[in-house]
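So the structure is just underneath, and the comments pick up after that.
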Amino acid sequence: AEEKSKLEAIKNDFTFIRDTYSQSSELRAVLESPVINPFKKKTILSLLFGNKISETTAKLVDLLAVKGRAELLDNIAYEFIDLYNKHTNRVQVHISSATPLAPAERHQLISRIQNELKSTVEVTESTN
């Protein structure tokens with residue numbers, strides 16, 4: 001149970017990191033810049049994520065920054081989340097429809113997907 005709790009916390013950390021990275025062009029520019037010193041990147045990441053992520057994740061982020069690999073943080077976050085989802089038998093599904101689905105339709109569709117894939121389904125939706 002403790003290991004599962006730690007994995008869940010780290011997955012949440014990487015989700016937060018991934019979301020922050022994707023929403024901030026300034027952060028992407030800083031991490032991808034070869035001109036900015038790795039220790040400066042470490043400082044920036046520490047200030048940005050600080051106590052918002054677990055100690056384990058923070059140590060990895062610091063190590064990546066110091067070793068000049070901070071630009072890999074986004075890819076590592078995506079891969080960790082993907083591995084976590086495989087480990088916990090989860091599948092992410094995006095439903096796109098012309099009109100919003102009624103709750104009953106949504107429930108029926110998700111149930112069919114879960115039964116077919118034999119996995120827990122995490123759904124995002126959009127209306128076109």
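Couple of notes before you dig in:
- Summarising the amide proton neighbourhood of residue 121: residues at separation of 5 or more, or on other chains, whose placed amide H is nearer than 5 Å comprise 91.
- Helix 2-23 and the long axis of the chain differ in direction by around 80°, with both axes built from C-alpha atoms.
- Efficiency of FRET between residue 29 and residue 76 - r from beta-carbon atoms, R0 22 angstrom, step 0.05: 0.75
- Note: relative contact order over the stretch 26-122, using C-alpha pairs below 8 Å and six or more positions apart, is 23 percent.
- Point-charge dipole on Cβ atoms (K/R +1, D/E -1) for the chain, about Cα centre, debye to 20: 240
- Dipole orientation for the stretch 1-81: of the candidates 21, 61, 38, 38 has the Cα lying most toward the positive pole (charges on Cβ; Lys, Arg +1; Asp, Glu -1).
- Residue 91/residue 63 FRET efficiency (R0 25 Å; Cβ-Cβ; nearest 0.05): 0.20
- Straightening the chain between residue 99 and residue 83 buys 2.5 nm, computed as 0.36 nm per residue apart minus the Cα-Cα spacing.
- Those trypsin sites (Lys or Arg not before Pro) in the stretch 12-85 that DSSP places in a loop and that have at most 15 other beta carbons within 10 Å: 67, 69
- In this structure the chain gives 67 Å² per residue of accessible area when probed at 1.4 Å with all protein chains present.
- If you plug the beta carbon distance of residue 3 and residue 52 into 1/(1 + (r/R0)^6) with R0 = 22 Å, you get a FRET efficiency near 0.50.
- Relative to the longest principal axis of the Cα atoms of the chain, the long axis of helix 38-49 makes an angle of roughly 40 degrees.
- Subset of 4/42; 40/86; 4/118 violating a 32 Å alpha-carbon distance limit: 40/86
- Options (i) 34; (ii) 51; (iii) 40 - which one matches percent of Cα pairs over 21 Å apart as calculated here: (ii)
- The aspartates and glutamates whose alpha-carbon is closer than 16 Å to the alpha-carbon of residue 52, local same-chain residues fewer than 8 away aside, are 8, 13, 19, 62.
- Distance histogram in 10 Å bins (all Cα pairs of the stretch 49-90, percent per bin): 27, 49, 23, 1
The values are calculated or read from the model by the stated rules, or taken from the named source; none is laboratory data. Small disclaimer: the values here were computed from a predicted structure and weren't measured. Please note: Cβ atoms are built from the backbone with ideal geometry, for glycine as well, and neighbour counts cover all protein chains shown. We work out accessible area using only protein heavy atoms, side chains counted, and drop any ligands, DNA or RNA first. Shrake-Rupley method; radii C 1.70, N 1.55, O 1.52, S 1.80 Å.
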